[in-house]
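The values are calculated or read from the model by the stated rules, or taken from the named source; none is laboratory data. Not measured: the values here are computed from a predicted model. No Cβ is skipped: glycine too gets one built from the backbone with ideal geometry, and neighbour counts run over all protein chains shown.
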Amino acid sequence: MKKRIVLGAAPAVLALALVLFLSPSSPAYADDDLPSWLIVDGGGEGESPSAGAEEALLSAGITLTTSDHVSYLAGDGGYFRPEGSLTRAQAAQIIFRLLSQRVPITRTFSDVPEDAWYAQAANTLGSLGVARPGQDTFCPDEAITRAEFVRYVASFFPIRRDAQQFTDVPAAHPEARYLLSARSWGWLTGFDGGSVHPDAAVTRAEAAAMLNRALGRSPDKSYINSAHPVFYWDVSPGSWYYYDVVEASVSHEHTGSGAAERWTSCTAVSAGLADGFNLVDGWLYYFDSSKNDIVRGASVGTFTFNALGRFTSGNEELDALLHNIYLDNTTEDMTQEEKLRALYVYTRDSFAYRRRPPYPFGVLDYMEEDALRILTTGYGNCYCYASVFWYLSRWIGYDARIVNGTVGQRKSPHSWVEITFDGVSYIFDTELEMSYIKKGQPVNMYKWTGSGWNYIG
């Protein structure tokens, strides 16, 4: 039976807030990187259909492990999907992974197949009175709510009632007592005004942050920054959830707890990527295997990468335009040469020619301005055509260069792009090919044959 968390391509859910937990055995600690919705006050108290279940769990010694910092939430295919919703099946598997001991199954759900990867987890939590009390069905693929996830966690700690209830949690809410207990412990904070949005879907990032604090697990940022123990395309160090995701997805040895936690070793998760360029979701990255991470906020050769690790032109407006052009004109099953051809054809066929004064020879700082000009107006001269294709070829990892020179017997000012393959420089002149086509003299200035380049520029 599979006991791993299966992470499907769950749709992204807008995170309304972060719910925080802290271990009752550890002092509370602040984290300035987390969303700040810390003002809490509130209303009444409620009861749960499973009232008393948690006392039975505690008396039997069934708790969540806090001493062993095992991985309990991982990514899939290089993605963590931090803002995606967490399903009830995934949530059950997480809690099952953290149980201090295995317990006999005395209850099953009618919609949980015996061979389902989450069957043991779901039926175990059902047998403990934690999952879907009083219900015959588990509804494994439904997004679990913030309140229900609180119950999954709070069921393993003593129930307290020495705080005010959240303003949007009525007494009749099925998870009211757990929300109140979490607030009493200081695990759970709310929005300004005292609300908590109990029925909103909990996100995967929120779930990681919640459990880390419930278990007294505080990421060791210094260790993580030096070791880079795990990599996900969609989790950058600049995100509020970065360190919590690493804490949740990397098994590690440690000393201390809460704010005093210090990692001593870890079982790093290899990204399985070779050094070099990677095109992911229409963005170009450079992976450095020595750090198990992409290059961020630095340059590799002539390529500059921003804080997210994405190749950038240096202009956010231009980056957005280039990204959309790439997505609209290529497919993931194309080879790099086929993508280059598609972007060449796009540049050749998408704009109208308009004459402009030439730049002085040797001037090569016009690319950004001219690329934006032709992309936003739809017309430009050879400098504009060359600038767009120069950016697009670099967007997919070609170390292209732009040339400002002359052509023909009249030595007319002109601009084009050159790319070197195997030590040989080839000319890519989108504007010249466009002009031949308009004259009724179609020529192929792009001489990739599918097996090699058949002309020398």
(message) If I filter the stretch 160-171 down to residues being hydrophobic (A, V, I, L, M, F, W, C) and surrounded by fewer than 20 Cβ atoms within 10 Å (Cβ to Cβ), which single residue comes out as farthest from LEU99 (Cα to Cα)?
(response) ALA171
(message) Based on this model, can you work out whether LEU327 counts as among the aliphatic types (A, V, I, L, M) and buried (at least 16 other Cβ atoms within 10 Å of the Cβ)?
(response) no
(message) Out of everything in the stretch 268-305 that is among the hydroxyl-bearing types (Ser, Thr, Tyr) and surrounded by fewer than 18 Cβ atoms within 10 Å (Cβ to Cβ), what residue ends up being nearest to LEU211 (Cα to Cα)?
(response) SER270
(request) Mind counting the residues in the stretch 127-147 that are touching a helix residue (DSSP H, G or I) at 6+ places or on another chain (Cβ under 8 Å), without any contact (Cβ under 8 Å) to a residue 60 or more places away in the chain and either in a loop (DSSP other than H, G, I, E, B) or not assigned by TED's automatic domain parsing to the domain that holds LEU188 (or both)? (result) 8
(message) On the basis of being touching a strand residue (DSSP E or B) at 6+ places or on another chain (Cβ under 8 Å), surrounded by fewer than 18 Cβ atoms within 10 Å (Cβ to Cβ) and not assigned by TED's automatic domain parsing to the domain that holds VAL230, does ALA320 make the cut?
(response) no
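Kindly indicate whether any position in the stretch 100-114 is in a helix (DSSP H, G or I) and closer than 29 Å to VAL250 by Cβ. Give the derivation first.
The initial filter retains those residues of the stretch 100-114 that are in a helix (DSSP H, G or I), namely none.
No: zero hits.
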(message) All but one of (1) in contact with a Leu (Cβ under 8 Å, 6 or more places away or on another chain); (2) surrounded by 13 or more Cβ atoms within 10 Å (Cβ to Cβ) hold for ARG341; state the number of the condition that does not hold.
(response) (1)
(message) Among the numbered criteria (1) buried (at least 17 other Cβ atoms within 10 Å of the Cβ); (2) among the small types (Gly, Ala, Ser); (3) free of Cβ contacts under 8 Å to residues at least 24 places away in the same chain, which one does SER265 miss?
(response) (1)
(request) With a cut-off of at least 2 residues that are among the basic types (Lys, Arg), name the helices (runs of 4 or more DSSP H) lying wholly within the stretch 319-404. (result) 336-349
(request) Count, please, the residues in the stretch 172-231 that happen to be surrounded by fewer than 18 Cβ atoms within 10 Å (Cβ to Cβ), over 24 Å from ALA89 (Cβ atoms) and acidic (Asp, Glu). (result) 1
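Residue by residue, here is whether (1) surrounded by 13 or more Cβ atoms within 10 Å (Cβ to Cβ); (2) within 35 Å of the chain's Cα centre (by Cα); (3) modelled with pLDDT of 80 or more holds:
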position	(1), (2), (3)
ASP370	yes, yes, yes
GLY380	yes, no, yes
ALA400	yes, yes, yes
ASP422	no, no, yes
TRP448	yes, no, no
(request) Counting only residues that are in the same structural domain as ALA154 (by TED's automatic domain parsing) and closer than 17 Å to THR66 by Cβ, give me the helices (runs of 4 or more DSSP H) lying completely in the stretch 172-254 with at least 3 of them. (result) 204-214, 242-249
(message) Restricting to the stretch 84-107, name every residue that is more than 19 Å from ILE144 (Cβ to Cβ) and of a type in the set (S, T, N, Q).
(response) SER100, GLN101, THR106
(message) From the list ARG88, ARG81, exactly one residue is within 15 Å of ASP234 (Cα to Cα) and either modelled with pLDDT of 95 or more or surrounded by 22 or more Cβ atoms within 10 Å (Cβ to Cβ) (or both). Which is it?
(response) ARG81
(request) Kindly list, by first and then second residue, each pair from a residue in the stretch 182-193 that is under 15 Å from ALA147 (Cβ atoms) to a residue that is aromatic (Phe, Trp, Tyr) and part of a loop (DSSP other than H, G, I, E, B), limited to pairs with Cβ atoms under 6 Å and residues at least 6 apart or on different chains. (result) TRP187/PHE21; PHE191/TRP37
(request) For the stretch 148-165, indicate whether the set of residues that are more than 16 Å from LEU57 (Cβ to Cβ), of a type in the set (Val, Ile, Thr) and in a loop (DSSP other than H, G, I, E, B) is non-empty. (result) no
(message) So GLY309 passes all but one of these: (1) assigned to a helix (DSSP H, G or I); (2) crowded, with 19+ Cβ neighbours inside 10 Å. Which condition number does it fail?
(response) (1)
